[in-house]
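S.K.: One structure, as structure tokens, below. Some questions next.
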Amino acid sequence: MKTNEEILAARAKLISGTRSVRNKPSVNELSVVEFMLVPERYAVEEQFVGEVLLLKELTPIPGVPNYVAGIANIRGRIVSILNLKMLLGITSKGITELNRIIILKYNKMEFGILADSILGSRSFPTGQLAGKPVTLKGDASRYVKGITADGLVLLDCAQLLSDKTITINQKQK
């Protein structure tokens with residue numbers, strides 16, 4: 001017979017919609033966070049994800065490229081937020097308080113990306129990843145690793161976080 005604590009923990013897990021703890025993916029698997037940039041599904045590798053937050057307040061910055069949505073104060077840290085729809089050439093219907101921020105980290109670089117919604121996390125075999133989608137416009141394909149058979153587009157976070165063209169107002173020598 002289950003204790004009250006076990007029953008309450010099971011209910012909380014059911015209500016929150018969280019998944020059970022999984023084993024670490026094997027060497028031949030990618031563990032990703034899946035999200036929507038309506039109308040398409042995208043993913044980033046979990047190793048680059050610092051945290052996922054609800055968009056509460058976004059301060060726009062004048063004079064920056066259109067893919068920079070602004071900055072956000074996240075527990076005392078000022079973090080730049082990118083609008084991937086603008087960067088990837090996806091039609092955008094605007095930003096709402098329902099958007100989520102995925103904080104990406106790689107080496108010393110950190111910034112957030114906007115997502116319409118978070119779908120969860122999952123793992124899939126690396127062999128399931130095919131070439132880059134042909135629907136991407138311009139240079140957007142350099143930020144994509146590939147696409148799965150079910151249409152999930154995997155972003156190349158290492159490229160995205162180390163791209164010098166995304167760095168703004170860096171001192172020129």
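S.K.: Might you let me know whether region 77-87 holds any residue that is assigned to a loop (DSSP other than H, G, I, E, B) and under 19 Å from Leu152 (Cα atoms)?
M.R.: yes
S.K.: Can you pull out the residues in region 92-117 that are among the aliphatic types (A, V, I, L, M) and open to solvent by 10 Å² or more (accessible area, probe 1.4 Å)?
M.R.: Ile95, Leu98, Met109
S.K.: Determine whether Glu29 is in contact with a Ser or Thr (Cβ under 7 Å, 6 or more places away or on another chain) and either within 20 Å of Thr126 (Cβ to Cβ) or open to solvent by 40 Å² or more (accessible area, probe 1.4 Å) (or both).
M.R.: yes
S.K.: Within the bounds of region 35-50, is there any residue that is in a loop (DSSP other than H, G, I, E, B), of a type outside the set (Asp, Glu) and open to solvent by 30 Å² or more (accessible area, probe 1.4 Å)?
M.R.: yes
S.K.: I'd like the full set of residues that are open to solvent by less than 60 Å² (accessible area, probe 1.4 Å) and either among the acidic types (Asp, Glu) or in a strand (DSSP E or B) (or both), limited to region 65-76.
M.R.: Val68, Ala69, Gly70, Ile71, Ala72, Ile74
S.K.: I've got another one for you. Determine whether Lys132 is under 16 Å from Ala43 (Cβ atoms), open to solvent by 80 Å² or more (accessible area, probe 1.4 Å) and of a type in the set (Lys, Arg).
M.R.: Yes; evaluated as a whole, the condition is true for this residue.
S.K.: If you check Ile101 against the conditions, is it in contact (Cβ under 8 Å) with a residue 24 or more places away in the chain, under 21 Å from Leu152 (Cβ atoms), among the hydrophobic types (A, V, I, L, M, F, W, C) and assigned to a loop (DSSP other than H, G, I, E, B)?
M.R.: In short, no.
The values are calculated or read from the model by the stated rules, or taken from the named source; none is laboratory data. Computed from a predicted model, the values in this text were never measured in an experiment. Glycine gets a Cβ as well: all are built from the backbone with ideal geometry, and neighbour counts include every protein chain shown. Heads up: the accessible areas ignore ligands, DNA and RNA and are worked out on the full protein's heavy atoms, side chains in. Shrake-Rupley method; radii C 1.70, N 1.55, O 1.52, S 1.80 Å.
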